[in-house]
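Participant: The following block contains the structure, expressed as structure tokens.
The values are calculated or read from the model by the stated rules, or taken from the named source; none is laboratory data. A quick note: this is a predicted structure, and the numbers were derived from the prediction, not measured. For neighbour counting, all protein chains shown are included, and Cβ atoms are generated from backbone atoms with ideal geometry for every residue, glycine included. Quick note on the areas: whole protein, heavy atoms, side chains included, nothing else; ligands and nucleic acids left out. Shrake-Rupley method; radii C 1.70, N 1.55, O 1.52, S 1.80 Å.
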Amino acid sequence: MTQARVPGPLGQTPDGKLDASDSGSVLHLGRRVPYTSRSPGPVGQHIWSAPIFAAPGAVAKVTSTGSGGKALIVVGTGHDDVKKGVRYSDDKYFDQAILEFFAPHTKGLNVTIKHVTSAKEMRDLIANGSWDVVAYFGHGVVNQMALEPKERGARLSKDELVSALKQAKPSRVLLMGCKAGWTGLARQVSKELPGVTVSATFESLDVSWEQGSKDGKFYNRLTPSEEFKDYKHGFYIENGQKAKWRQREQDDKLDPNGDPLGERIAQ
């Protein structure tokens, strides 16, 4: 795995305030940044989908004039070394970037973004509400069907996630955690939640964090290196329909009658 650069204080003035004159910078994040000078650990340890810059416990709400439905965005903890470089003097820029990142999937809904510090907090937060959309942005586990809301902390298993979602009864779930597609987590969750569309990504999520100004306006946004893949009833969905093929997951055996590279297998 490629080790990420630890970014400098982008867009900051000497007093730590935002410098809106920044012409724009791009950070390609998502690879593991070690605590020491040791090289990144092997596959099987957690990998960052993106660093998390906001303080645990922070809550921001955005109310729309749409249907009145509700969306929950759960954000896990991140790497402090990266956090210091790009969070500016407060967390509002990070929160706004997260809200805009999920905006295509939460349009017309009242959105709550909540930063959690444990798997239990995430599970309880989902289960104790009624949500039309539940989205997660944080660490994943590269060889298990699990999420890791707290960096190097207890993991949220597939069964725990399913149990919480059954209580919340969403129609859409988005998992922006490393390898949530590759491990099979997204597809398995969709099997156990009939009628719910579950979306995830397959890679270690080299996310671009772009900050700067254009036409006198400051921008701060996240761009993933791949698009979400959608699952429903345990099947890969394309254009709202069950696809003939789906991308291979870690536990799949290679199909000699499928793609010769073994990247996709028959449904």
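Participant: Among the residues of the range 98-141, write down those that are open to solvent by 30 Å² or more (accessible area, probe 1.4 Å), under 18 Å from L222 (Cα atoms) and not hydrophobic (A, V, I, L, M, F, W, C).
Facilitator: Selection gives E100, P104, H105, K107, K114.
Participant: Looking only at the range 154-169, decide whether some residue is in contact with a Ser or Thr (Cβ under 9 Å, 6 or more places away or on another chain), among the polar types (S, T, N, Q) and closer than 24 Å to K70 by Cα.
Facilitator: Checked the range 154-169: at least one residue is in contact with a Ser or Thr (Cβ under 9 Å, 6 or more places away or on another chain), among the polar types (S, T, N, Q) and closer than 24 Å to K70 by Cα.
Conditions tested, residue by residue: (1) modelled with pLDDT of 70 or more; (2) within 12 Å of A135 (Cβ to Cβ).
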residue: K83; (1), (2): no, no
residue: D90; (1), (2): no, no
residue: Q96; (1), (2): yes, no
residue: E100; (1), (2): yes, no
residue: A103; (1), (2): yes, yes
residue: H115; (1), (2): yes, no
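Participant: A further question follows. What's the total number of residues in the range 226-240 that are in a strand (DSSP E or B), over 16 Å from A135 (Cα atoms) and open to solvent by less than 50 Å² (accessible area, probe 1.4 Å)?
Facilitator: Residues that pass the stated criteria total 2.
Participant: Name the pairs: first residue in the range 140-155 and over 27 Å from R248 (Cα atoms), second residue basic (K, R), Cβ to Cβ under 8 Å, at least 6 apart or on different chains?
Facilitator: So the pair list comes out as A154/K120.
Participant: Considering only the range 171-184, how many residues are more than 12 Å from the chain's Cα centre (by Cα) and part of a loop (DSSP other than H, G, I, E, B)?
Facilitator: 4
Participant: Take the residues in the range 148-159 that are open to solvent by 60 Å² or more (accessible area, probe 1.4 Å) and more than 14 Å from S190 (Cα to Cα), then tell me which one is modelled with the highest pLDDT.
Facilitator: Within the range 148-159, the match that is modelled with the highest pLDDT is R155.
Participant: If you don't mind, there's one more thing I want to ask. Against the definition (more than 20 Å from L99 (Cα to Cα) and either of a type in the set (S, T, Y) or part of a loop (DSSP other than H, G, I, E, B) (or both)), how does R187 come out, yes or no?
Facilitator: Against the criterion (more than 20 Å from L99 (Cα to Cα) and either of a type in the set (S, T, Y) or part of a loop (DSSP other than H, G, I, E, B) (or both)), R187 does not qualify.
Participant: Shifting gears a bit: Which pairs do you get when a residue that is under 12 Å from L174 (Cα atoms), found in the range 102-113, comes within reach of a residue that is of a type outside the set (D, E, K, R), reach meaning Cβ atoms under 7 angstrom, with the pair 6+ apart or on two chains?
Facilitator: Hits for this filter: F102/I73; F102/A135; F102/L174; H105/V133; H105/A135; H105/L174; T106/A71; T106/V133.
Participant: What's the total number of residues in the range 190-221 that are assigned to a loop (DSSP other than H, G, I, E, B) and either within 26 Å of D132 (Cβ to Cβ) or of a type in the set (G, A, S) (or both)?
Facilitator: 9
Participant: Take the residues in the range 241-251 that are assigned to a loop (DSSP other than H, G, I, E, B) and touching a residue at least 40 places away in the same chain (Cβ under 8 Å); name whichever of them is surrounded by the most Cβ atoms within 10 Å (Cβ to Cβ).
Facilitator: E249
Participant: Shifting gears a bit: Checking C178 against (1) under 15 Å from D230 (Cα atoms); (2) surrounded by 21 or more Cβ atoms within 10 Å (Cβ to Cβ), which single condition isn't satisfied?
Facilitator: (1)
Participant: Identify the residue in the range 200-225 that is closer than 18 Å to V141 by Cβ and at pLDDT 80 or above and, among all such residues, is surrounded by the most Cβ atoms within 10 Å (Cβ to Cβ).
Facilitator: Once the filter is applied, the top-ranked residue is A200.
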